[in-house]
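Take a look at the structure below.
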């Protein structure tokens, strides 16, 4: 065997080393970048939304659907502004109306969970949450026996249709303090707390004042900074009273019949905690996913807090603390309604959540079929297993 000369051997060794060095310094081959999943339209869903809107002359709507914690569908329908023909997108914001009550209920549960509040704390009277700060003492026994839980479950015995009337819109020029003084001095409490269910916006307005007292922040700042910011919800805000008060990305609202006179004449910002929030359908569902009790996304409430939120009173088990309980359908829900607004969400035990926001509602004189139709539409979306929801997450 012929041996290499020393000079040839060293030259060969150097070439091998350089070759190895060059190979080791070469950048690795780039991994292929996965193509982002894009949402495909689902005609069976879209057609039902459009048919509902057409039946009731609804200009615009926004839909969001989650499945097992993933945002699998989000879509706008119709127009946000009839004058300009601006189309609704999934990022348009809508007034929530009474869906705001769910935010108030969850905010209260968060304060309870943090040890800053008790659901059984009494609200009025010396040494209680709001003390004798409002109205003219002495208070009657029905008022001094009222608790936070009574307010949130709408069993305060006061300020509902059958317990003295819901007066949330009266004296709209009053400040919150003036309105509170007027309320306690002029609207008695006819029923014992816990004795009767009577839906009341005033109950949740008072709950908002308790949030302010306990947190040291305005209601809207507590909702935005303490409740929603930690879960990445940033587009929720207070609704404005006039058309000029519309926020960026907010739709216009359209009243039908007598509603047309009141679309931009609602008592905002007073009506903050009972019906004053606005957001997108997507952000509404991100919020719902944060207390839905499923393990697919982190919850902001623990199991005991969620249980308290979703437990009704003995006189009306179907309404928890700002949220409806529909045991026969295995779901939680809430609806909202104001002139120019109709909203709703459902959370089903099967892992489906859905939100639908509209920028109109029918004239209240013919509202029954409309309300039932929207409820049936939401039920269909959470219960129908044949819809081809994609395995994507658009949160």
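For region 266-305, name all the residues that are crowded, with 20+ Cβ neighbours inside 10 Å and free of Cβ contacts under 8 Å to residues at least 60 places away in the same chain.
Residues satisfying the conditions are 268, 283.
For residue 110, state whether it is in contact (Cβ under 8 Å) with a residue 12 or more places away in the chain, closer than 24 Å to residue 228 by Cα and assigned to a loop (DSSP other than H, G, I, E, B).
Details: in contact (Cβ under 8 Å) with a residue 12 or more places away in the chain: yes; closer than 24 Å to residue 228 by Cα: yes; assigned to a loop (DSSP other than H, G, I, E, B): no.
Considered against the rule, which asks whether it is in contact (Cβ under 8 Å) with a residue 12 or more places away in the chain, closer than 24 Å to residue 228 by Cα and assigned to a loop (DSSP other than H, G, I, E, B), residue 110 comes out as no.
Select from region 254-287 the residues that are under 20 Å from the mean Cα position of the chain (by Cα), in a helix (DSSP H, G or I) and more than 23 Å from residue 171 (Cβ to Cβ) and list them in ascending order.
281, 282, 283, 284, 285, 286, 287
Select from region 120-141 the residues that are touching a helix residue (DSSP H, G or I) at 6+ places or on another chain (Cβ under 7 Å) and surrounded by fewer than 17 Cβ atoms within 10 Å (Cβ to Cβ) and list them in ascending order.
120, 121, 136
Sort out which residues of region 75-90 are outside any strand (DSSP E or B) and farther than 14 Å from residue 252 by Cα, and write them in order of number.
90
Just to be sure before I move on: is residue 91 under 27 Å from residue 357 (Cβ atoms), surrounded by fewer than 15 Cβ atoms within 10 Å (Cβ to Cβ) and either free of Cβ contacts under 8 Å to residues at least 60 places away in the same chain or in contact with a strand residue (DSSP E or B) (Cβ under 9 Å, 6 or more places away or on another chain) (or both) in the structure I sent?
yes
Which of the residues that make up region 224-253 are under 14 Å from residue 278 (Cβ atoms) and not in a loop (DSSP other than H, G, I, E, B)?
Correct list: 224, 228, 237, 238, 243, 245, 250.
Using beta carbons and a limit of 8 Å, which pairs, at least six apart or on different chains, have the first residue in region 42-61 and over 27 Å from residue 259 (Cβ atoms) and the second one at pLDDT below 95 and part of a strand (DSSP E or B)?
From region 42-61, no pairs qualify.
Please specify each residue of region 142-162 satisfying the condition of being free of Cβ contacts under 8 Å to residues at least 40 places away in the same chain and either touching a strand residue (DSSP E or B) at 6+ places or on another chain (Cβ under 9 Å) or not in a loop (DSSP other than H, G, I, E, B) (or both).
144
Consider residue 213 carefully, then state whether it is out of contact with any helix residue (DSSP H, G or I) (no Cβ under 9 Å at 6 or more places or on another chain), closer than 30 Å to residue 67 by Cβ, surrounded by fewer than 19 Cβ atoms within 10 Å (Cβ to Cβ) and touching a residue at least 12 places away in the same chain (Cβ under 8 Å).
In short, no.
Show me the strands (runs of 3 or more DSSP E) found entirely inside region 288-395 where at least 2 residues are modelled with pLDDT of 95 or more and under 24 Å from residue 224 (Cβ atoms).
331-338, 341-348, 352-358
Name the one entry in 221, 181 that is without any contact (Cβ under 8 Å) to a residue 40 or more places away in the chain, surrounded by fewer than 23 Cβ atoms within 10 Å (Cβ to Cβ) and not in a loop (DSSP other than H, G, I, E, B).
221
The values are calculated or read from the model by the stated rules, or taken from the named source; none is laboratory data. Note that the structure is predicted; figures quoted are calculated from it, not measured. Quick reminder, even Gly has a Cβ in these numbers, built from the backbone with ideal geometry, and neighbours come from all protein chains shown.
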